[in-house]
Amino acid sequence: MSLIRAAATVGSFTMISRVTGFLRDVLVAAILGAGPVADAFFVAFKLPNFFRRLTAEGSFTVAFVPLFAGALEADGRAEAKRFAEDALAMMCAVLAALTLAMELTMPWVMHVLAPGFVATPERFGIAVELTRITFPYLPLISIVALYGGVLNSLDRFAAMASAPILLNLILIGAMVGFADRLETPGHVLAWGVAAAGLAQLLWLIGASSRAGFSLRLRLPRLTPGVRKLFRLMLPAMLGAGVVQINLLIDMVLASTLPLGSISFLYYADRVNQLPLGVIGVAIGTALLPLLSRQWRGGDAEGALETQNRALEFGALLTVPAAVGLAVLAHPIITVLFERGAFTAADGAATSAAMIAFAAGLPAFVLVKVLQPGFFAREDTKTPVKVAAGAVVLNLVLNLILMQFLAHVGLALATAIASWANGLALAWLLRRDDVFRLDARSRWRLPRILVSALVMGAALWGSLRLAEGAALHLFAQGTLPGAAALLGFVLLALVIYFGAATLLGAFRMTELKAALGRRGTA
């Protein structure tokens with residue numbers, strides 16, 4: 001199946017997820033603003049999400065998919081299914097123990113997670129209570145990741161890619177229908193998170209059953225396959241989760257900054273996550289099972305071709321996205337969030353953080369493209385060494401930059417550390433002679449950059465020329481502001497793809513050919 005077609009399937013559902021996520025965050029911003037309840041809920045939501053991305057989407061997925069895909073190809077469906085059932089049984093046992101431990105020790109965990117909350121008992125108490133409600137989301141969504149790994153290995157990407165949409169719809173429904181029914185709107189959102197985890201699990205169980213891969217829950221057994229899974233998972237927990245570790249460090253330090261800093265970083269990161277999810281996560285999700293099969297089949301040249309096209313496709317979309325987010329940061333935040341309890345001052349602070357995050361966006365996607373080159377070969381140790389260095393660099397830069405730039409310094413440090421991570425991965429793959437830029441990538445990547453810079457310059461000039469009228473429209477409410485913003489986005493797309501076509505960085509015929517190939521998504 002075409003890599004681009006598979007990435008397009010994941011990316012299209014991820015786009016819907018991000019759009020519904022923006023609607024969710026617009027409501028959260030209007031109802032919670034950037035006050036103590038908002039800070040407490042974001043901590044409560046981030047903790048299970050951090051573990052989910054670090055374990056379920058991070059170490060578990062990158063370890064499980066190559067092993068499951070390899071068993072499927074070499075040993076057949078029956079053996080692959082048994083391995084998946086053994087992994088499910090052990091996952092349930094481990095996650096049940098972790099959840100119980102976290103529920104019992106949550107006040108002590110909060111001292112580590114958000115030490116700045118200790119000085120404000122209201123935030124601390126609410127954060128502990130809300131995190132206890134949301135934490136069961138972790139075991140539920142972790143099991144979702146296992147079912148998603150099974151389906152992705154079967155070249156069925158749609159069910160897993162669409163599951164996050166359920167989370168957003170449930171939270172939107174909770175805010176619209178029940179925002180004033182509990183102690184705070186934060187409590188309503190926390191219960192919504194837990195309910196969404198159960199809904200996503202039922203959705204994936206149904207999709208797996210329709211694919212003919214229903215899994216039985218066995219008694220936990222430490223089989224050779226499960227042992228190998230854990231051996232691959234442990235180093236991958238850091239290697240695949242470096243971005244989440246960096247963001248967690250940001251949150252811990254942000255809790256020591258002025259009120260609202262956590263919220264500014266959260267809203268800015270939500271916007272940054274749109275291209276990261278639609279492009280980076282989609283490519284990484286589609287790339288891992290394909291590379292795993294190519295390496296298992298001894299097709300080194302095919303793997304090299306696949307990685308080059310993935311890098312090229314990611315750059316084609318991510319570089320202009322980063323430039324566009326930086327230039328349009330203030331209009332985007334104004335249109336999306338400035339209403340209700342979210343003030344213009346909150347918007348300015350969030351926009352500054354978003355520009356810093358945008359600087360690291362291509363690096364975030366670069367990591368997503370390059371990491372499968374290690375994981376597909378069952379090498380989870382090398383990325384962990386790179387990730388450890390990136391985490392240390394991020395922490396050092398955080399401590400330095402936050403002194404001068406406050407919360408913006410935390411976002412900028414994350415971006416710089418991500419660039420260090422991505423470039424180190426590229427160098428190591430090149431050193432091991434398993435990846436190098438081919439002639440096509442060496443021709444197109446510089447032209448992609450030039451095209452994005454041309455777009456950025458034209459977009460910035462257009463904003464300056466229409467500054468008074470544009471600012472007036474952006475501040476006039478959701479519909480006029482969204483229309484004005486859409487106009488600038490369309491202008492940017494025309495300029496970028498026009499420049500990319502003229503410079504030879506992009507050919508529409510190639511994209512149509514890739515998307516037109518038949519395959520099951």
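The values are calculated or read from the model by the stated rules, or taken from the named source; none is laboratory data. Being a predicted model, the structure only gives us computed values, none of them experimental. Positions of Cβ are generated from backbone atoms using ideal geometry, with glycine treated the same way; all protein chains shown enter the neighbour counts. Ligands, DNA and RNA are stripped out before the accessible areas are found, and what is left, the full protein with its side chains, is counted by its heavy atoms. Shrake-Rupley method; radii C 1.70, N 1.55, O 1.52, S 1.80 Å.
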Q.
Restricting to the range 344-381, name every residue that is basic (Lys, Arg) and surrounded by 23 or more Cβ atoms within 10 Å (Cβ to Cβ).
A. LYS368
**Q.** Number of positions in the range 335-392 that are at pLDDT 85 or above, over 26 Å from MET237 (Cα atoms) and among the hydroxyl-bearing types (Ser, Thr, Tyr)
**A.** 2
(Q) Checking the conditions here, which among ALA321, ALA341 is in a helix (DSSP H, G or I) and either out of contact with any strand residue (DSSP E or B) (no Cβ under 7 Å at 6 or more places or on another chain) or open to solvent by 10 Å² or more (accessible area, probe 1.4 Å) (or both)? (A) ALA321
Q: Any chance you could count how many residues in the range 290-310 are within 20 Å of GLY76 (Cα to Cα) and either open to solvent by less than 20 Å² (accessible area, probe 1.4 Å) or assigned to a helix (DSSP H, G or I) (or both)?
A: 7
Q: Go through the range 30-40 and give me each residue that's modelled with pLDDT under 80 and either surrounded by 24 or more Cβ atoms within 10 Å (Cβ to Cβ) or in contact with a strand residue (DSSP E or B) (Cβ under 6 Å, 6 or more places away or on another chain) (or both).
A: LEU32, ALA34
Q: Pull up the range 103-115, narrow it to residues that are in a helix (DSSP H, G or I) and open to solvent by 20 Å² or more (accessible area, probe 1.4 Å), then point me to the one that is nearest to PHE68 (Cα to Cα).
A: GLU103
Q: Six or more apart or on different chains, Cβ under 7 Å: which pairs go from a residue in the range 94-113 that's touching a residue at least 12 places away in the same chain (Cβ under 8 Å) and hydroxyl-bearing (Ser, Thr, Tyr) to one that's assigned to a helix (DSSP H, G or I) and open to solvent by less than 40 Å² (accessible area, probe 1.4 Å)? Could you list them?
A: THR99/LEU138; THR99/PRO139
Q) Looking at the range 229-251, is at least one residue of a type outside the set (A, V, I, L, M) and modelled with pLDDT of 80 or more? A) yes
**Q.** Of residues in the range 472-492 being under 28 Å from PHE313 (Cα atoms) and open to solvent by 80 Å² or more (accessible area, probe 1.4 Å), the one modelled with the lowest pLDDT
**A.** LEU486
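Residue-wise test of (1) charged (D, E, K, R); (2) under 30 Å from ILE31 (Cα atoms).
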residue: ALA101; (1), (2): no, no
residue: GLU122; (1), (2): yes, yes
residue: ILE133; (1), (2): no, yes
residue: VAL150; (1), (2): no, no
residue: LEU154; (1), (2): no, no
residue: SER162; (1), (2): no, yes
residue: ASN168; (1), (2): no, yes
residue: ILE172; (1), (2): no, yes
residue: LEU182; (1), (2): no, yes
Q: Inspect the range 158-177 for any residue being under 21 Å from THR99 (Cα atoms), out of contact with any Pro (no Cβ under 6 Å at 6 or more places or on another chain) and of a type outside the set (Phe, Trp, Tyr) and give the result as yes or no.
A: yes
Q: Test PRO136 against the stated conditions and say whether it is modelled with pLDDT of 90 or more, open to solvent by 10 Å² or more (accessible area, probe 1.4 Å) and not hydroxyl-bearing (Ser, Thr, Tyr).
A: yes
Q) Out of the range 188-229, which residues are in contact (Cβ under 8 Å) with a residue 24 or more places away in the chain, open to solvent by 60 Å² or more (accessible area, probe 1.4 Å) and assigned to a helix (DSSP H, G or I)? A) TRP191, LEU198, TRP203, ILE205, LYS228
Q. With (1) in contact with a Pro (Cβ under 9 Å, 6 or more places away or on another chain); (2) open to solvent by 10 Å² or more (accessible area, probe 1.4 Å); (3) among the polar types (S, T, N, Q) as the list, and SER462 as the residue in question, which single condition is left unmet?
A. (1)
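Mind listing just one residue for me: the one in the range 139-168 that is part of a loop (DSSP other than H, G, I, E, B) and open to solvent by 30 Å² or more (accessible area, probe 1.4 Å) and, of those, modelled with the lowest pLDDT?
ASP155
Matching residues to (1) at pLDDT 80 or above; (2) open to solvent by 20 Å² or more (accessible area, probe 1.4 Å); (3) outside any helix (DSSP H, G or I); (4) in contact with a Gly (Cβ under 7 Å, 6 or more places away or on another chain):
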| site | (1), (2), (3), (4) |
| --- | --- |
| ILE4 | no, yes, no, no |
| GLY11 | yes, no, no, no |
| MET15 | yes, yes, no, no |
| LEU23 | yes, yes, no, no |
| LEU27 | yes, yes, no, no |
| PHE42 | yes, no, no, no |
| PHE51 | no, yes, no, no |
| LEU54 | no, no, no, yes |
Q. Taking the range 497-514 only, how many residues are surrounded by 14 or more Cβ atoms within 10 Å (Cβ to Cβ), in a helix (DSSP H, G or I) and at pLDDT below 90?
A. 2
Q: May I ask you to list the residues in the range 392-440 that are farther than 20 Å from GLY260 by Cα, of a type in the set (Gly, Ala, Ser) and open to solvent by 10 Å² or more (accessible area, probe 1.4 Å)?
A: ALA420, ALA424, ALA426, ALA439
